[in-house]
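Visitor: I have a structure I would like to understand better, so I am pasting it below and will then ask my questions one at a time.
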Amino acid sequence: MSEKIMIFDSTLRDGEQTPGAKLNLEEKLKIAKQLAKLNVDIIECGFPVSSPGDFKAVATIAKEVKGPVIAGLARAVKGDIDACWEAIKYAERPRIHVFLASSPIHMQYKLRKDPETLLEMGVEAVKYAKSKTHDVQYSLEDATRSDMDYMCRVIEAVIDAGATVINLPDTVGYAVPEQYGEMVRTIMNRVPNIDKATVSVHCHNDLGLAVINSLAAVQNGARQIECNINGVGERAGNAALEEIVIAMLIRKDYFKDFYHDINTREIYKTSRLVSSLMGIPIPVNKAIIGKNAFTHSSGIHQDGILKNMETYEIINAELIGGKAGQIKLTARSGRHAVRHVLERLGFVLDDNDFAEFYTRFLELADKKKEVYPQDLEALMADRLAYTAPIYTLEYLQTTSGSKSIPAAVVKLKKDEEVFVRSETGAGPIDAAYNAIDNITGIEPRLEKYDLRAVTEGRDALGEVTILIEYQDKTIVGRGTSTDIVEASVRAYLNGINKLLAMKANGNLNNHQEKEKSN
Ligand code: KIV
Ligand code: ZN
(Lines give C-alpha, C1' and ligand atoms only; values in the text may rest on other atoms or scores of the structure.)
(Ligands and ions follow the chains in the order given, each with its own letter.)
Protein backbone atom coordinates (compact mmCIF):
# COMPACT_ATOMS: atom_id res chain seq x y z
CA MET A 1 0.00 0.00 0.00
CA SER A 2 1.35 3.44 -0.82
CA GLU A 3 2.17 5.88 1.98
CA LYS A 4 1.32 9.55 2.18
CA ILE A 5 4.10 12.13 2.00
CA MET A 6 3.22 15.25 3.97
CA ILE A 7 4.01 18.47 2.12
CA PHE A 8 5.25 21.15 4.53
CA ASP A 9 5.39 24.56 2.86
CA SER A 10 7.81 27.12 4.26
CA THR A 11 7.42 29.81 1.57
CA LEU A 12 6.25 32.29 4.22
CA ARG A 13 9.11 31.51 6.64
CA ASP A 14 12.30 30.22 4.97
CA GLY A 15 11.04 31.57 1.63
CA GLU A 16 10.59 35.03 3.08
CA GLN A 17 14.26 34.92 4.12
CA THR A 18 15.09 35.42 0.41
CA PRO A 19 16.83 38.81 0.17
CA GLY A 20 14.32 41.49 -0.87
CA ALA A 21 11.29 39.19 -0.58
CA LYS A 22 9.70 40.82 2.49
CA LEU A 23 5.91 40.58 2.45
CA ASN A 24 3.31 42.61 4.32
CA LEU A 25 0.49 41.06 6.32
CA GLU A 26 -2.08 41.26 3.56
CA GLU A 27 0.30 39.62 1.08
CA LYS A 28 1.16 36.82 3.51
CA LEU A 29 -2.50 36.14 4.13
CA LYS A 30 -3.19 36.01 0.39
CA ILE A 31 -0.39 33.49 -0.12
CA ALA A 32 -1.45 31.40 2.89
CA LYS A 33 -5.02 31.19 1.55
CA GLN A 34 -3.69 30.12 -1.84
CA LEU A 35 -1.46 27.49 -0.17
CA ALA A 36 -4.58 26.11 1.51
CA LYS A 37 -6.22 25.83 -1.95
CA LEU A 38 -3.10 24.04 -3.15
CA ASN A 39 -3.86 21.69 -0.26
CA VAL A 40 -0.43 21.64 1.39
CA ASP A 41 -0.48 19.70 4.65
CA ILE A 42 1.42 22.23 6.76
CA ILE A 43 1.99 25.97 6.32
CA GLU A 44 4.95 27.34 8.24
CA CYS A 45 4.02 30.98 8.21
CA GLY A 46 6.69 32.75 10.23
CA PHE A 47 8.99 33.12 13.20
CA PRO A 48 6.72 34.96 15.68
CA VAL A 49 9.40 36.14 18.12
CA SER A 50 11.45 37.74 15.35
CA SER A 51 9.29 40.89 15.00
CA PRO A 52 5.86 42.25 15.95
CA GLY A 53 4.97 42.18 12.23
CA ASP A 54 5.82 38.50 11.93
CA PHE A 55 3.87 37.74 15.12
CA LYS A 56 0.78 39.50 13.80
CA ALA A 57 1.01 37.78 10.41
CA VAL A 58 1.27 34.33 11.99
CA ALA A 59 -1.64 35.07 14.36
CA THR A 60 -3.81 36.38 11.50
CA ILE A 61 -3.08 33.34 9.33
CA ALA A 62 -3.76 31.04 12.30
CA LYS A 63 -7.16 32.70 12.77
CA GLU A 64 -8.19 32.91 9.13
CA VAL A 65 -6.70 30.01 7.20
CA LYS A 66 -8.49 26.71 7.58
CA GLY A 67 -7.38 23.27 6.49
CA PRO A 68 -3.61 22.87 6.80
CA VAL A 69 -1.66 22.60 10.06
CA ILE A 70 -0.31 26.07 10.92
CA ALA A 71 3.29 26.02 12.17
CA GLY A 72 5.44 28.74 13.69
CA LEU A 73 9.20 28.62 14.23
CA ALA A 74 10.93 28.97 17.61
CA ARG A 75 14.47 28.62 18.93
CA ALA A 76 14.86 26.22 21.85
CA VAL A 77 14.14 28.90 24.45
CA LYS A 78 11.03 29.70 26.47
CA GLY A 79 10.54 33.24 25.11
CA ASP A 80 10.44 31.98 21.52
CA ILE A 81 8.10 29.13 22.37
CA ASP A 82 5.76 31.47 24.29
CA ALA A 83 5.61 33.91 21.34
CA CYS A 84 5.12 31.08 18.89
CA TRP A 85 2.28 29.59 20.91
CA GLU A 86 0.56 32.96 21.44
CA ALA A 87 0.53 33.45 17.64
CA ILE A 88 -0.50 29.98 16.48
CA LYS A 89 -2.90 29.08 19.26
CA TYR A 90 -5.87 30.28 17.17
CA ALA A 91 -5.26 27.65 14.49
CA GLU A 92 -7.48 24.59 14.06
CA ARG A 93 -4.29 22.49 14.19
CA PRO A 94 -1.29 24.41 15.58
CA ARG A 95 2.32 23.17 15.48
CA ILE A 96 5.34 24.55 17.34
CA HIS A 97 8.54 24.04 15.35
CA VAL A 98 11.59 24.15 17.63
CA PHE A 99 15.08 24.16 16.12
CA LEU A 100 18.53 23.78 17.63
CA ALA A 101 21.83 23.10 15.88
CA SER A 102 23.57 19.73 16.24
CA SER A 103 26.74 20.15 14.14
CA PRO A 104 30.13 20.72 15.81
CA ILE A 105 30.71 23.98 13.89
CA HIS A 106 27.36 25.47 14.95
CA MET A 107 27.61 24.23 18.55
CA GLN A 108 31.16 25.50 19.04
CA TYR A 109 31.13 28.81 17.14
CA LYS A 110 27.53 29.94 16.96
CA LEU A 111 25.97 28.62 20.14
CA ARG A 112 29.20 28.33 22.17
CA LYS A 113 27.79 25.50 24.24
CA ASP A 114 28.87 21.91 24.67
CA PRO A 115 26.85 19.08 23.06
CA GLU A 116 25.43 17.72 26.35
CA THR A 117 24.16 21.13 27.47
CA LEU A 118 22.51 21.58 24.07
CA LEU A 119 20.96 18.12 24.21
CA GLU A 120 19.42 19.03 27.56
CA MET A 121 18.24 22.40 26.17
CA GLY A 122 16.51 20.62 23.30
CA VAL A 123 14.73 18.21 25.63
CA GLU A 124 13.58 21.03 27.94
CA ALA A 125 12.35 23.07 24.96
CA VAL A 126 10.30 20.15 23.62
CA LYS A 127 8.81 19.49 27.08
CA TYR A 128 7.86 23.16 27.37
CA ALA A 129 6.37 23.28 23.85
CA LYS A 130 4.50 20.06 24.62
CA SER A 131 2.89 21.77 27.62
CA LYS A 132 1.29 24.15 25.09
CA THR A 133 0.26 21.80 22.28
CA HIS A 134 0.42 18.19 21.20
CA ASP A 135 2.10 18.77 17.81
CA VAL A 136 5.79 19.64 18.33
CA GLN A 137 8.39 19.46 15.56
CA TYR A 138 12.10 19.36 16.43
CA SER A 139 14.76 20.29 13.85
CA LEU A 140 18.44 19.36 14.24
CA GLU A 141 19.85 22.35 12.40
CA ASP A 142 22.80 21.49 10.12
CA ALA A 143 22.05 17.77 10.48
CA THR A 144 24.07 16.87 7.39
CA ARG A 145 27.29 18.07 9.07
CA SER A 146 26.48 16.50 12.44
CA ASP A 147 27.86 13.41 14.13
CA MET A 148 25.55 10.41 13.66
CA ASP A 149 25.91 9.02 17.22
CA TYR A 150 25.14 12.41 18.71
CA MET A 151 22.11 12.94 16.43
CA CYS A 152 20.70 9.52 17.35
CA ARG A 153 20.95 10.37 21.06
CA VAL A 154 19.30 13.79 20.57
CA ILE A 155 16.49 12.33 18.47
CA GLU A 156 15.73 9.55 20.95
CA ALA A 157 15.67 12.04 23.85
CA VAL A 158 13.44 14.63 22.17
CA ILE A 159 10.97 11.96 21.02
CA ASP A 160 10.83 10.74 24.63
CA ALA A 161 10.15 14.36 25.61
CA GLY A 162 7.18 14.48 23.21
CA ALA A 163 8.40 15.54 19.73
CA THR A 164 6.01 14.30 17.05
CA VAL A 165 8.09 15.27 14.01
CA ILE A 166 11.89 15.05 13.65
CA ASN A 167 13.32 17.24 10.91
CA LEU A 168 16.82 16.66 9.49
CA PRO A 169 17.76 19.83 7.63
CA ASP A 170 20.50 20.11 5.08
CA THR A 171 20.88 23.69 6.27
CA VAL A 172 23.83 24.60 4.05
CA GLY A 173 22.89 22.54 0.99
CA TYR A 174 25.91 20.27 1.41
CA ALA A 175 24.31 16.84 1.00
CA VAL A 176 24.40 14.55 -2.01
CA PRO A 177 21.48 12.19 -2.61
CA GLU A 178 23.01 8.82 -1.67
CA GLN A 179 24.61 10.08 1.52
CA TYR A 180 21.52 11.98 2.56
CA GLY A 181 19.34 8.92 1.94
CA GLU A 182 21.77 6.82 3.94
CA MET A 183 21.68 9.31 6.82
CA VAL A 184 17.89 9.03 6.98
CA ARG A 185 18.01 5.24 6.71
CA THR A 186 20.60 4.97 9.52
CA ILE A 187 18.45 7.12 11.81
CA MET A 188 15.37 5.02 10.96
CA ASN A 189 17.32 1.87 11.87
CA ARG A 190 19.21 3.10 14.93
CA VAL A 191 16.83 5.30 16.92
CA PRO A 192 14.69 2.87 18.96
CA ASN A 193 11.60 5.10 19.34
CA ILE A 194 11.68 6.60 15.80
CA ASP A 195 8.32 4.95 15.01
CA LYS A 196 6.70 7.45 17.43
CA ALA A 197 7.59 10.40 15.17
CA THR A 198 7.38 11.39 11.52
CA VAL A 199 10.77 11.96 9.90
CA SER A 200 11.00 15.15 7.87
CA VAL A 201 13.57 16.63 5.49
CA HIS A 202 14.42 20.24 4.67
CA CYS A 203 16.94 20.78 1.88
CA HIS A 204 18.70 23.91 0.70
CA ASN A 205 19.79 24.27 -2.88
CA ASP A 206 23.39 25.49 -2.68
CA LEU A 207 24.58 22.67 -4.94
CA GLY A 208 21.35 22.51 -6.94
CA LEU A 209 20.49 19.18 -5.26
CA ALA A 210 17.64 20.15 -2.93
CA VAL A 211 14.87 18.38 -4.85
CA ILE A 212 16.77 15.17 -5.54
CA ASN A 213 18.04 15.04 -1.94
CA SER A 214 14.47 15.38 -0.64
CA LEU A 215 13.28 12.57 -2.91
CA ALA A 216 16.22 10.36 -1.89
CA ALA A 217 15.23 10.90 1.75
CA VAL A 218 11.68 9.77 1.00
CA GLN A 219 13.02 6.56 -0.54
CA ASN A 220 14.79 5.94 2.78
CA GLY A 221 12.07 6.62 5.31
CA ALA A 222 11.22 10.34 5.39
CA ARG A 223 7.48 11.03 5.27
CA GLN A 224 7.44 14.84 5.37
CA ILE A 225 9.14 17.11 2.83
CA GLU A 226 9.71 20.78 3.58
CA CYS A 227 9.74 22.83 0.42
CA ASN A 228 8.87 26.24 -1.00
CA ILE A 229 6.96 27.56 -3.99
CA ASN A 230 9.32 28.45 -6.86
CA GLY A 231 12.19 27.14 -4.70
CA VAL A 232 12.51 30.51 -2.93
CA GLY A 233 14.47 30.62 0.32
CA GLU A 234 17.66 31.55 2.10
CA ARG A 235 20.68 31.89 -0.27
CA ALA A 236 20.14 29.58 -3.29
CA GLY A 237 16.72 28.69 -1.92
CA ASN A 238 14.98 25.54 -0.73
CA ALA A 239 13.64 22.52 -2.57
CA ALA A 240 10.96 23.65 -5.04
CA LEU A 241 7.54 22.33 -4.04
CA GLU A 242 6.26 22.15 -7.61
CA GLU A 243 9.23 20.08 -8.79
CA ILE A 244 8.86 17.57 -5.96
CA VAL A 245 5.13 17.02 -6.28
CA ILE A 246 5.12 16.83 -10.09
CA ALA A 247 8.15 14.50 -10.17
CA MET A 248 6.29 12.17 -7.80
CA LEU A 249 3.25 12.18 -10.09
CA ILE A 250 4.94 11.98 -13.48
CA ARG A 251 7.30 9.25 -12.27
CA LYS A 252 4.78 7.35 -10.21
CA ASP A 253 6.24 4.21 -11.72
CA TYR A 254 9.37 5.02 -9.70
CA PHE A 255 7.69 6.60 -6.64
CA LYS A 256 4.89 4.01 -6.61
CA ASP A 257 5.05 3.47 -2.84
CA PHE A 258 4.15 7.13 -2.11
CA TYR A 259 1.50 9.70 -2.80
CA HIS A 260 0.70 13.28 -1.80
CA ASP A 261 -2.55 15.25 -1.69
CA ILE A 262 -1.45 18.40 -3.50
CA ASN A 263 -4.05 19.93 -5.80
CA THR A 264 -1.58 20.36 -8.65
CA ARG A 265 -4.00 22.42 -10.76
CA GLU A 266 -3.35 25.31 -8.35
CA ILE A 267 0.43 25.24 -8.92
CA TYR A 268 0.60 27.71 -11.77
CA LYS A 269 -1.57 30.25 -9.96
CA THR A 270 0.32 29.86 -6.68
CA SER A 271 3.66 30.18 -8.40
CA ARG A 272 2.65 33.40 -10.20
CA LEU A 273 1.19 34.85 -6.99
CA VAL A 274 4.35 34.19 -4.97
CA SER A 275 6.55 35.51 -7.75
CA SER A 276 4.64 38.76 -8.12
CA LEU A 277 4.17 39.46 -4.40
CA MET A 278 7.81 38.65 -3.54
CA GLY A 279 9.06 40.47 -6.63
CA ILE A 280 11.14 37.46 -7.68
CA PRO A 281 10.76 36.68 -11.39
CA ILE A 282 10.55 33.05 -12.46
CA PRO A 283 13.41 32.12 -14.80
CA VAL A 284 12.01 31.23 -18.22
CA ASN A 285 13.66 27.81 -18.14
CA LYS A 286 12.56 26.91 -14.59
CA ALA A 287 11.25 23.33 -14.42
CA ILE A 288 7.44 22.98 -14.29
CA ILE A 289 6.58 26.69 -14.02
CA GLY A 290 9.01 28.58 -16.30
CA LYS A 291 7.54 30.30 -19.38
CA ASN A 292 9.48 27.97 -21.66
CA ALA A 293 8.60 24.75 -19.81
CA PHE A 294 5.73 24.14 -22.27
CA THR A 295 7.01 26.13 -25.25
CA HIS A 296 8.44 24.43 -28.31
CA SER A 297 10.90 26.24 -30.50
CA SER A 298 12.82 23.77 -32.67
CA GLY A 299 11.10 22.99 -35.99
CA ILE A 300 11.57 19.25 -35.45
CA HIS A 301 10.01 19.46 -31.98
CA GLN A 302 7.08 21.56 -33.22
CA ASP A 303 6.39 19.05 -35.94
CA GLY A 304 6.62 16.23 -33.37
CA ILE A 305 4.17 17.70 -30.87
CA LEU A 306 1.67 18.52 -33.57
CA LYS A 307 1.68 14.84 -34.53
CA ASN A 308 1.68 13.60 -30.94
CA MET A 309 2.16 15.81 -27.88
CA GLU A 310 4.04 13.08 -26.05
CA THR A 311 6.92 13.17 -28.52
CA TYR A 312 8.40 16.13 -26.65
CA GLU A 313 6.17 16.76 -23.61
CA ILE A 314 6.16 14.55 -20.54
CA ILE A 315 3.90 16.85 -18.51
CA ASN A 316 0.51 18.08 -19.60
CA ALA A 317 0.39 21.80 -18.73
CA GLU A 318 -3.18 21.37 -17.53
CA LEU A 319 -1.86 19.23 -14.67
CA ILE A 320 -0.43 22.39 -13.11
CA GLY A 321 -3.32 24.61 -14.17
CA GLY A 322 -1.30 26.11 -17.03
CA LYS A 323 -1.98 26.38 -20.74
CA ALA A 324 -1.28 23.57 -23.15
CA GLY A 325 2.01 23.51 -25.09
CA GLN A 326 2.69 26.73 -26.93
CA ILE A 327 4.37 26.96 -30.27
CA LYS A 328 6.83 29.80 -30.57
CA LEU A 329 7.20 30.73 -34.23
CA THR A 330 10.74 31.52 -35.28
CA ALA A 331 12.82 31.09 -38.41
CA ARG A 332 13.25 27.45 -37.36
CA SER A 333 9.53 26.72 -37.48
CA GLY A 334 8.41 24.31 -40.17
CA ARG A 335 5.34 24.50 -42.44
CA HIS A 336 3.29 22.25 -40.19
CA ALA A 337 3.70 24.60 -37.19
CA VAL A 338 3.03 27.79 -39.16
CA ARG A 339 -0.07 26.30 -40.74
CA HIS A 340 -1.29 25.19 -37.31
CA VAL A 341 -0.94 28.67 -35.77
CA LEU A 342 -2.50 30.25 -38.83
CA GLU A 343 -5.51 27.96 -38.58
CA ARG A 344 -5.89 28.75 -34.88
CA LEU A 345 -6.08 32.38 -35.96
CA GLY A 346 -8.86 31.39 -38.32
CA PHE A 347 -7.02 31.39 -41.66
CA VAL A 348 -7.40 28.31 -43.80
CA LEU A 349 -5.28 28.50 -46.97
CA ASP A 350 -5.03 26.07 -49.85
CA ASP A 351 -1.61 24.56 -50.59
CA ASN A 352 -0.60 27.12 -53.22
CA ASP A 353 -1.57 30.11 -51.12
CA PHE A 354 0.12 28.60 -48.09
CA ALA A 355 3.38 27.98 -49.98
CA GLU A 356 3.47 31.66 -50.92
CA PHE A 357 2.57 32.68 -47.37
CA TYR A 358 5.29 30.48 -45.87
CA THR A 359 7.95 32.17 -48.02
CA ARG A 360 6.80 35.56 -46.69
CA PHE A 361 6.77 34.18 -43.15
CA LEU A 362 10.41 33.05 -43.48
CA GLU A 363 11.44 36.46 -44.78
CA LEU A 364 9.85 38.09 -41.74
CA ALA A 365 11.17 35.48 -39.28
CA ASP A 366 14.70 36.09 -40.50
CA LYS A 367 14.33 39.70 -39.37
CA LYS A 368 12.55 39.05 -36.06
CA LYS A 369 13.42 36.84 -33.08
CA GLU A 370 9.85 35.68 -32.68
CA VAL A 371 6.82 35.97 -34.93
CA TYR A 372 3.61 36.71 -33.00
CA PRO A 373 -0.01 36.03 -34.02
CA GLN A 374 -0.37 39.76 -34.75
CA ASP A 375 2.51 39.48 -37.26
CA LEU A 376 0.80 36.62 -39.03
CA GLU A 377 -2.35 38.72 -39.23
CA ALA A 378 -0.40 41.61 -40.70
CA LEU A 379 1.07 39.26 -43.30
CA MET A 380 -2.43 38.13 -44.12
CA ALA A 381 -3.77 41.69 -44.31
CA ASP A 382 -4.18 41.81 -48.05
CA ARG A 383 -6.14 38.57 -47.98
CA LEU A 384 -8.49 39.75 -45.26
CA ALA A 385 -11.44 40.46 -47.47
CA TYR A 386 -13.68 39.11 -44.75
CA THR A 387 -12.70 41.74 -42.22
CA ALA A 388 -15.20 44.08 -43.85
CA PRO A 389 -17.29 44.74 -40.75
CA ILE A 390 -20.54 42.90 -40.27
CA TYR A 391 -21.53 45.05 -37.28
CA THR A 392 -20.50 48.71 -37.11
CA LEU A 393 -20.46 50.90 -34.01
CA GLU A 394 -23.14 53.57 -34.21
CA TYR A 395 -23.21 54.89 -30.65
CA LEU A 396 -21.48 54.24 -27.32
CA GLN A 397 -22.17 55.70 -23.92
CA THR A 398 -20.57 54.49 -20.71
CA THR A 399 -20.83 55.50 -17.07
CA SER A 400 -18.44 54.69 -14.24
CA GLY A 401 -17.23 56.19 -11.01
CA SER A 402 -16.33 55.27 -7.46
CA LYS A 403 -19.97 55.34 -6.34
CA SER A 404 -21.84 54.12 -9.45
CA ILE A 405 -22.34 50.74 -11.08
CA PRO A 406 -20.39 50.70 -14.36
CA ALA A 407 -22.81 50.57 -17.28
CA ALA A 408 -22.76 50.90 -21.08
CA VAL A 409 -25.25 51.56 -23.84
CA VAL A 410 -24.12 50.21 -27.22
CA LYS A 411 -25.83 50.72 -30.56
CA LEU A 412 -24.61 48.50 -33.44
CA LYS A 413 -25.74 48.42 -37.06
CA LYS A 414 -25.84 45.34 -39.24
CA ASP A 415 -26.93 45.93 -42.82
CA GLU A 416 -29.86 48.28 -42.28
CA GLU A 417 -30.86 46.90 -38.89
CA VAL A 418 -29.99 48.69 -35.64
CA PHE A 419 -29.52 46.92 -32.28
CA VAL A 420 -29.33 48.67 -28.91
CA ARG A 421 -28.38 47.07 -25.60
CA SER A 422 -27.49 48.39 -22.17
CA GLU A 423 -25.48 46.28 -19.75
CA THR A 424 -23.52 46.57 -16.52
CA GLY A 425 -20.11 45.08 -15.80
CA ALA A 426 -16.99 45.12 -13.65
CA GLY A 427 -16.02 48.37 -15.41
CA PRO A 428 -17.20 50.40 -18.43
CA ILE A 429 -15.24 48.25 -20.90
CA ASP A 430 -16.60 45.04 -19.42
CA ALA A 431 -20.13 46.49 -19.53
CA ALA A 432 -19.75 47.45 -23.21
CA TYR A 433 -18.31 44.00 -24.05
CA ASN A 434 -21.32 42.41 -22.33
CA ALA A 435 -23.66 44.52 -24.45
CA ILE A 436 -21.81 43.49 -27.65
CA ASP A 437 -21.97 39.80 -26.63
CA ASN A 438 -25.66 40.25 -26.07
CA ILE A 439 -26.25 41.74 -29.53
CA THR A 440 -23.98 39.46 -31.56
CA GLY A 441 -24.68 36.25 -29.66
CA ILE A 442 -20.97 35.42 -29.49
CA GLU A 443 -19.20 35.28 -26.13
CA PRO A 444 -15.46 34.91 -26.69
CA ARG A 445 -12.96 34.68 -23.83
CA LEU A 446 -10.72 37.73 -23.53
CA GLU A 447 -7.20 36.31 -23.50
CA LYS A 448 -5.09 39.43 -23.66
CA TYR A 449 -5.67 43.17 -23.56
CA ASP A 450 -3.04 45.67 -24.55
CA LEU A 451 -3.32 49.47 -24.61
CA ARG A 452 -0.68 51.80 -26.01
CA ALA A 453 -0.52 55.43 -27.04
CA VAL A 454 0.24 55.72 -30.75
CA THR A 455 0.63 59.50 -30.74
CA GLU A 456 1.89 61.93 -28.12
CA GLY A 457 0.23 64.46 -25.80
CA ARG A 458 -2.99 64.54 -23.79
CA ASP A 459 -5.08 63.94 -26.89
CA ALA A 460 -2.97 60.91 -27.84
CA LEU A 461 -4.61 58.28 -29.96
CA GLY A 462 -4.89 55.07 -27.97
CA GLU A 463 -4.54 51.75 -29.75
CA VAL A 464 -6.06 48.68 -28.14
CA THR A 465 -5.03 45.22 -29.27
CA ILE A 466 -6.84 42.25 -27.85
CA LEU A 467 -6.67 38.50 -28.26
CA ILE A 468 -9.99 36.74 -27.96
CA GLU A 469 -10.49 33.00 -27.86
CA TYR A 470 -13.57 31.26 -29.18
CA GLN A 471 -13.90 27.54 -29.75
CA ASP A 472 -10.32 26.64 -30.76
CA LYS A 473 -9.61 29.94 -32.53
CA THR A 474 -7.57 32.85 -31.27
CA ILE A 475 -8.47 36.11 -32.95
CA VAL A 476 -6.70 39.46 -32.86
CA GLY A 477 -8.85 42.58 -32.61
CA ARG A 478 -7.57 46.11 -33.01
CA GLY A 479 -9.18 49.51 -32.43
CA THR A 480 -8.04 53.10 -32.10
CA SER A 481 -9.60 56.23 -30.65
CA THR A 482 -8.65 59.17 -28.48
CA ASP A 483 -11.10 57.63 -25.98
CA ILE A 484 -9.64 54.43 -24.58
CA VAL A 485 -13.05 52.91 -23.81
CA GLU A 486 -14.09 53.46 -27.40
CA ALA A 487 -10.76 52.05 -28.66
CA SER A 488 -11.40 48.97 -26.50
CA VAL A 489 -14.91 48.57 -27.90
CA ARG A 490 -13.70 48.98 -31.48
CA ALA A 491 -10.99 46.33 -30.91
CA TYR A 492 -13.54 43.89 -29.51
CA LEU A 493 -15.99 44.50 -32.32
CA ASN A 494 -13.17 44.04 -34.83
CA GLY A 495 -12.42 40.59 -33.33
CA ILE A 496 -16.12 39.63 -33.19
CA ASN A 497 -16.62 40.64 -36.83
CA LYS A 498 -13.77 38.32 -37.80
CA LEU A 499 -15.34 35.47 -35.85
CA LEU A 500 -18.70 36.09 -37.54
CA ALA A 501 -17.02 36.15 -40.95
CA MET A 502 -15.31 32.85 -40.18
CA LYS A 503 -18.65 31.46 -39.17
CA ALA A 504 -20.17 32.63 -42.45
CA ASN A 505 -17.27 30.90 -44.27
CA GLY A 506 -18.02 27.65 -42.42
CA ASN A 507 -14.86 27.87 -40.27
CA LEU A 508 -16.69 27.91 -36.93
CA ASN A 509 -19.11 25.53 -35.27
CA ASN A 510 -22.47 26.89 -34.29
CA HIS A 511 -22.86 24.95 -31.07
CA GLN A 512 -21.25 27.47 -28.71
CA GLU A 513 -23.26 30.34 -29.98
CA LYS A 514 -25.97 31.56 -27.72
CA GLU A 515 -29.42 32.36 -29.13
CA LYS A 516 -29.71 36.02 -29.97
CA SER A 517 -32.36 37.81 -28.06
CA ASN A 518 -33.09 40.71 -30.38
O1 KIV B 1 17.69 25.41 7.13
C2 KIV B 1 17.39 25.16 8.30
O3 KIV B 1 18.07 24.45 9.04
C4 KIV B 1 16.17 25.76 8.80
C5 KIV B 1 15.68 25.31 10.12
C6 KIV B 1 15.16 26.43 10.94
C7 KIV B 1 14.68 24.22 9.95
O8 KIV B 1 15.53 26.53 8.11
ZN1 ZN C 1 16.17 26.37 6.00
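Visitor: Restricting to Cα pairs below 8 Å that are 6+ residues apart, what does the relative contact order work out to for the chain? Please round to a whole percent.
Guide: 9
Visitor: Give the angle, between 0 and 90 degrees and rounded to the nearest 10, that separates the Cα long axis of helix 177-190 from the longest principal axis of the Cα atoms of the chain.
Guide: With both axes taken from Cα atoms, the answer is about 40 degrees.
Visitor: Let me ask you something else. Got the relative contact order for the range 67-141 handy, in percent, Cα pairs under 8 Å and 6 or more residues apart?
Guide: The value is 37 percent.
Visitor: Pick out, from Thr482, Ala317, Ala365, the residue whose Cα sits farthest towards the positive end of the charge dipole of the chain, with +1 on the Cβ of Lys and Arg and -1 on the Cβ of Asp and Glu.
Guide: Ranked along the dipole, the leading option is Thr482.
Visitor: On a 0 to 90 degree scale, rounded to 10, what angle separates helix 25-38 from the longest Cα axis of the chain?
Guide: 90
Visitor: Find the Cα radius of gyration of the range 157-238, compare it with 2.2 N^0.38 Å by division, and give the number to two decimals.
Guide: 1.08
Visitor: Given Lys37/Lys63; Lys37/Lys473; Lys256/Lys307; Lys307/Lys369; Lys22/Lys78; Lys28/Lys63, which pairs have Cα atoms separated by over 21 Å?
Guide: Lys37/Lys473; Lys256/Lys307; Lys307/Lys369; Lys22/Lys78
Visitor: Restricting to Cα atoms and excluding each atom paired with itself, what does the Kirkwood estimate give for the range 290-432 in Å?
Guide: 18.6
Visitor: Here's a follow-up. Note the per residue figure in Å³ for the convex hull of the C-alpha positions in the range 22-71.
Guide: Value for the range 22-71: 63 Å³ per residue.
Visitor: Something else about it: Based on alpha-carbon positions alone, could you give the equivalent ellipsoid semi-axes of the chain from the gyration tensor, as √(5λ), descending, whole Å?
Guide: Working from the Cα gyration tensor, I get semi-axes of 56, 27, 18 Å.
Visitor: Let me ask something else about it. With charges only on Cβ, +1 for K and R and -1 for D and E, what is the dipole size of the chain about its Cα centre, in debye, rounded to 20? Walk me through the intermediate numbers first.
Guide: Values: 64 positive and 72 negative charges, 113 e Å.
Taking the Cα centre of the chain as origin, the dipole is about 540 debye.
Visitor: Roll a 1.4 Å probe over the protein chains and send me the accessible area per residue for the range 3-278 in Å².
Guide: 40
Visitor: In terms of solvent-accessible area of protein heavy atoms at a 1.4 angstrom probe, what is the ranking of Phe258, Phe8, Phe55, Phe99, highest value first?
Guide: Working: Phe258 25, Phe8 0, Phe55 70, Phe99 45 Å².
Heavy-atom accessible area, descending, gives Phe55, Phe99, Phe258, Phe8.
Visitor: Quick one: which residues, 5+ away or cross-chain, put their amide H under 5 Å from the amide H of Tyr259? H built at 1.01 Å from N.
Guide: For Tyr259, the qualifying residues are Glu3, Lys4, Ile5.
Visitor: Residue by residue through the range 144-159, what is 3J(HN,Hα) from phi via Karplus (6.51 cos²θ - 1.76 cosθ + 1.60, θ = phi - 60°)? Round to whole Hz and write x for glycine and proline.
Guide: 5, 10, 9, 6, 4, 4, 4, 4, 4, 5, 4, 4, 4, 5, 6, 5
Visitor: Can you list the residues, at least 5 places off or on another chain, whose amide H is less than 5 Å from the amide H of Glu447, using H built in the peptide plane?
Guide: Leu467, Ile468, Glu469
Visitor: Quick one: grab the alpha carbon gyration tensor of the range 245-316, order the square roots of its eigenvalues as a ≥ b ≥ c, and give me rounded if a/c is under 1.5, else prolate or oblate depending on whether a/b is larger than b/c.
Guide: Oblate shape, in that a/c is at least 1.5 and b/c is the bigger or equal ratio.
Visitor: Show the residues, 5+ positions off or on another chain, whose built amide H is closer than 5 Å to the amide H of Ala239.
Guide: Counting only residues 5 or more places away or on other chains, the set is Cys203, Asn228.
Visitor: How far, in degrees from 0 to 90, does helix 52-64 lean away from the longest principal axis of the Cα atoms of the chain, to the nearest 10?
Guide: Helix 52-64 sits roughly 70 degrees off the main axis of the chain.
Visitor: Please compute the Kirkwood hydrodynamic radius over the range 324-384, one decimal place, Å, based on all pairs of different Cα atoms.
Guide: Numbers: mean 1/r = 0.0863 Å⁻¹.
Radius from the Kirkwood sum: 11.6 Å.
Visitor: Leaving ligands, DNA and RNA out of it, report the carbon-plus-sulfur percent of the accessible area of the chain at a 1.4 Å probe.
Guide: 50
Visitor: Which of rounded, prolate, oblate describes the range 119-193, given a ≥ b ≥ c as roots of the alpha-carbon gyration tensor eigenvalues and a/c under 1.5 marking rounded, otherwise prolate only if a/b is larger than b/c?
Guide: Taking the square roots of the gyration eigenvalues as a ≥ b ≥ c, the range 119-193 is prolate.
The values are calculated or read from the model by the stated rules, or taken from the named source; none is laboratory data. Remember, it's a predicted structure, so these values are computed and weren't measured experimentally. Ideal geometry is used to build each Cβ from the backbone, glycine not excepted, and the neighbour counts take in all protein chains shown. Remember, those area values only see protein heavy atoms, side chains included, never the ligands or the DNA or RNA. Shrake-Rupley method; radii C 1.70, N 1.55, O 1.52, S 1.80 Å.
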